[in-house]
Amino acid sequence: MRRILTLILQEAGHTVSEASGVTTALSMLATEPFDLVISDKKMPDGDGFDVLKFCRENEPTLPVVILTALATVELAVEAMQAGAFDFISKPFVPEVVTAVAKRATERTQLLRENEVLREEAKRFAFAEEILGVSSAIALKGNDRKGRPYECDRSDHRRNGHRKGTCRQGDPQRQHPFENNLSRRQLCSRI
């Protein structure tokens with residue numbers, strides 16, 4: 001059965017490593033990175049839930065699929081509650097196995113990308129302190145008569161202004177925060 005599963009997954013384009021039992025699987029999981037684990041419920045030297053437990057403790061995002069010949073609702077619920085990604089009963093349909101493998105590997109790749117992006121975001125978190133954050137945005141434009149105006153966006157909203165209702169700009173008001181002009185002077189209703 002393990003050989004058939006390996007052939008199905010290799011045909012679907014996956015690189016497959018086989019383990020003959022729980023001990024071999026756990027040693028492989030401890031030394032190599034994997035995108036997916038498919039484990040039989042009953043193995044010669046243990047239980048597939050031992051593999052699932054090891055994965056949850058050491059790499060919680062690694063999807064584990066449990067295979068079993070004795071598929072019951074209780075066993076499926078137990079596997080999902082223990083953290084299994086999916087549960088497949090034997091005899092399995094090759095299309096189901098490849099679909100589950102595809103979903104699981106895509107999920108693993110997304111989680112890893114997300115982790116990398118979070119680390120990148122942490123690296124650039126200090127930029128806010130250097131650059132600063134401001135809700136004030138100066139609006140510039142022309143009123144209905146073609147005269148230039150300029151006002152702060154927060155004053156623009158607070159005073160209920162629409163485009164063309166801010167005081168027309170003059171050369172001294174082109175740079176509102178120079179010359180110590182107040183926002184009220186700059187952005188008052190006509």
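Given just the C-alpha atoms of the range 2-123, how large is their convex hull per residue in cubic angstrom?
Values: hull volume 13.5 nm³, N = 122.
Given the Cα convex hull of the range 2-123, per-residue volume reads 110 Å³.
Where does each of D45, D50 land when they are ranked from fewest to most other beta-carbon atoms within 10 angstrom?
Details: D45 11, D50 16.
Result, fewest neighbours first: D45, D50.
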Subtracting the Cα-Cα distance of A82 and N114 from 0.36 nm times their residue separation yields 9.1 nm
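Between the DSSP loop rule and a limit of at most 16 other Cβ atoms within 10 Å, which GluC sites (Glu not before Pro) in the range 1-94 are left? Can you show the working numbers first?
Numbers: sites: E11, E18, E57, E74, E78; in loops: E18.
Those that pass, being in a loop and sparsely packed, are E18.
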Within the range 2-123, pairs of Lys residues whose Cα atoms are less than 26 angstrom apart, provided they are eight or more positions apart or on distinct chains, add up to 9
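Readers should treat all values here as calculations from the given coordinates under stated rules, not as data from a laboratory. None of the values given here were measured: they were computed from a predicted structure. Because the Cβ atoms are built from the backbone with ideal geometry, glycine has one as well, and the counts that use them run over all protein chains shown.
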